[in-house]
Amino acid sequence: MRSELMIRVTGEAGQGLKTIGNLLCKIFRRSGWNLFANQDYMSRIRGGNNFFQIRVSNKPVCCTREKCDLIVALDKDSVGIHRKDLNESGRMIADLQKFGIENDPQYIDIPLFDIAQKIGGNDIYINSVACGMISALAGVNFASVKKELEMTFARKGADIIEKNIHAAFSGYEKVNSQAKDCGFVLKEDPEKTGMLIDGNDAIGISAIVSGCKFYSGYPMTPSTGIMEFIARYADRFNIVVEQAEDEIAAVNMVIGASYAGVRSMTSTSGGGFALMTEALSLAGMTETPIVIVDAQRPGPATGFPTRTEQADIDFLINAGHGEFARAVLSPGTIEEAFYLTNKAFYLADKYQIPVLLMTDQHLADSYRNVDLFDISRINNEHFIISKEASVHVNNYKRYALTQTGISPRAIPSWIADVIYADSDEHTEEGHITEDADVRIQMVQKRFYKKMEGLQQEVEEPVAYKVDDADMILIGYGSTFGAINEVCRSETNLGFIHLPQVWPFPASRFQQLIKKGKKLLTVEGNAGGKLAKLIKMETCIEVNGSILRYDGRPINRDYLLSKLAEELKHGSSNLSK
């Protein structure tokens, strides 16, 4: 029996690849296996070539691999495109006769379309046929397949459920009679518990449990899943969700809702965030807490709408005109996406600032099985004058100067006094001013004092084997999965992962770096942006950067191949 399988289902957009992938993830999870899954899809409704891939293992997995053990091709083009990605012992299942493709020792010819037509009279049933075949090859008990099909198609009616079960069973039996000796069987562990979730849903759950009561956004891949998740549960948790006409309207609505006293957020990608930057400065000037998620994708302009990149780090740190405090959090796992979203609301509320949560398409859309989140770790402390205490407030100053730079925050209509808020420079009361001394005090309040407080609450870097390793890999965001796996499998490697990039954890980072260690950043961009940030904030210059900017995620095999090049040629080739 194998301890791991890398599976890919590929075909055209419109063939239901996400349906197959999600169903397989649930089936494998029910069988007690660990998994990591992601999808690669083009920005089109029909045609092209998409795929959904799942890495299944008896051990925890954090990323995908380059080569596949099993590929199921649902159209002719996929056979040629993905043949090169098979392992030496890998197999590809395809309807070779229908596609007019000559057989190959690594191919398994199965009449997928004939089976689907005979059972349901429609090619759409190849989804269930494929699920049945893959489950059989992996050694899944068909009872698990049947259960998930019943749950997935519960709203479709008994006839649809029965046809899908029949289609899956036909694929299951066909493989067992024709290719049962491929050696792909995994050992089941049905006692394992946990949940299957992607990054966007983890952020959505955290926003809800963190007390978010207003969400406004404009749909923009790959952030849209957050809005869809929160909207799904909006009625149950009394949340207002507004699909705005554009990103400018969305962020200004969020500022308005927050000013009125409720925790508010929006999400977008780089192009949408570019439109939000004027409002970001408005939030900074009016000291209004907001949370913005930037789920990065390749730019500039529209770029690759459905793919991944990490090129916005310096943009987020410096976005908006003028100087004001902000925090930029950079989760690298499903768990960090959950807990750091809560921290984003906490920091925004406490310091009355915009907080930016920087993810990317790979983290946003990738599924992994994780333990249940620990709700006891959620911090829902609110930093506003309560409704009860508001009746005693007199001579209120919205921007009162304090030692920490944080002014008491009252809610309009809860206090008797008028609350003045202004986007111009203003006095403590909120009245417009051009007084130079007041300007100095307000800049110190909004920028210096709040940044000083934020420095005390920086999320600590995650470090592994930095004392013993010869080489230390440094990353942030979704590169963590590949870095973590590679460093734990190689004795001479350690890593530092940064779940927060601003304020940069400079003092702790400097403590972790030992003399004589070779330092490499691992980044999904072309400019080595993290390397430059490290140098700017710590005066530490890394030895090189492993970069990827083709829109594809950095996985274990990609990172290993680049490290092999480094060992062979030296750091001069790292950025190429």
Test: residue in segment 281-297 that is free of Cβ contacts under 8 Å to residues at least 40 places away in the same chain and over 18 Å from the mean Cα position of the chain (by Cα): no
Failed criterion for Glu388 (all others in (1) over 23 Å from the mean Cα position of the chain (by Cα); (2) outside any helix (DSSP H, G or I) hold): (2)
Pair list, Cβ < 8 Å and 6+ apart or interchain, from segment 138-164 residues that are more than 19 Å from Ile7 (Cα to Cα) to residues that are among the basic types (Lys, Arg) and assigned to a helix (DSSP H, G or I): Lys147/Arg30; Met151/Lys26; Thr152/Lys26
Filter result (in contact with a Pro (Cβ under 6 Å, 6 or more places away or on another chain) and in a loop (DSSP other than H, G, I, E, B)) within segment 1-43: Gly32, Ser43
Count of segment 58-90 residues which are in contact with an Asp or Glu (Cβ under 7 Å, 6 or more places away or on another chain) and without any contact (Cβ under 8 Å) to a residue 24 or more places away in the chain: 1
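Taking segment 304-315 on its own, how many of its residues are in a loop (DSSP other than H, G, I, E, B) and open to solvent by less than 40 Å² (accessible area, probe 1.4 Å)?
8
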Extreme residue, nearest to the chain's Cα centre (by Cα), among residues of segment 100-125 that are surrounded by fewer than 17 Cβ atoms within 10 Å (Cβ to Cβ) and in a helix (DSSP H, G or I): Ile124
Residue within segment 51-65 that is in a loop (DSSP other than H, G, I, E, B) and touching a Ser or Thr at 6+ places or on another chain (Cβ under 6 Å) present: yes
Odd one out for Lys514 among (1) more than 26 Å from Cys68 (Cβ to Cβ); (2) modelled with pLDDT of 95 or more; (3) not hydroxyl-bearing (Ser, Thr, Tyr): (2)
Residues within segment 218-234 that are open to solvent by less than 10 Å² (accessible area, probe 1.4 Å) and within 18 Å of Asp360 (Cβ to Cβ), tallied: 3
Single residue of Ser89, Ser57, Ser43 found to be under 22 Å from the mean Cα position of the chain (by Cα), surrounded by fewer than 17 Cβ atoms within 10 Å (Cβ to Cβ) and of a type in the set (Gly, Ala, Ser): Ser43
In segment 218-238, residue farthest from Glu309 (Cα to Cα) [restricted to those that are of a type in the set (A, V, I, L, M, F, W, C) and in a loop (DSSP other than H, G, I, E, B)]: Phe237
Which listed residue is under 30 Å from Gly527 (Cβ atoms) and out of contact with any Pro (no Cβ under 7 Å at 6 or more places or on another chain), from Leu347, Leu329: Leu347
Out of Ile483, Ile411, Ile406, sole residue that is surrounded by 13 or more Cβ atoms within 10 Å (Cβ to Cβ), closer than 30 Å to Glu566 by Cβ, among the hydrophobic types (A, V, I, L, M, F, W, C) and within 37 Å of the chain's Cα centre (by Cα): Ile483
Only listed residue being part of a helix (DSSP H, G or I) and either open to solvent by 70 Å² or more (accessible area, probe 1.4 Å) or touching an Asp or Glu at 6+ places or on another chain (Cβ under 8 Å) (or both), chosen from Arg398, Arg439: Arg439
Some residue of segment 209-217 being in contact with a Phe, Trp or Tyr (Cβ under 6 Å, 6 or more places away or on another chain) and either open to solvent by 20 Å² or more (accessible area, probe 1.4 Å) or not in a helix (DSSP H, G or I) (or both): yes
Hits in segment 14-40 - residues which are small (Gly, Ala, Ser) and open to solvent by 10 Å² or more (accessible area, probe 1.4 Å): Gly14, Gly16
Test result for Leu560, of a type in the set (A, V, I, L, M) and under 30 Å from Arg55 (Cβ atoms): yes
Search result, residues across segment 239-274 that are closer than 16 Å to Ile208 by Cα, aliphatic (A, V, I, L, M) and part of a helix (DSSP H, G or I): Val254, Ala257
Residue tally, condition farther than 15 Å from Ile45 by Cβ, hydrophobic (A, V, I, L, M, F, W, C) and out of contact with any helix residue (DSSP H, G or I) (no Cβ under 7 Å at 6 or more places or on another chain), over segment 1-32: 4
Top-ranked residue in segment 498-548 [being surrounded by 15 or more Cβ atoms within 10 Å (Cβ to Cβ) and hydroxyl-bearing (Ser, Thr, Tyr); ranked as farthest from Asp470 (Cα to Cα)]: Thr538
Leading residue by the ranking (nearest to Tyr367 (Cα to Cα)) among those in segment 61-80 that are open to solvent by 40 Å² or more (accessible area, probe 1.4 Å) and within 27 Å of the chain's Cα centre (by Cα): Arg65
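The values are calculated or read from the model by the stated rules, or taken from the named source; none is laboratory data. Keep in mind that what you see is a predicted model, and the values were worked out from it rather than measured. Backbone-built Cβ (ideal geometry, glycine too); neighbour counts: all protein chains shown. The protein model used for the area step is the full one, side chains on, heavy atoms only, and it has no ligands, DNA or RNA in it. Shrake-Rupley method; radii C 1.70, N 1.55, O 1.52, S 1.80 Å.
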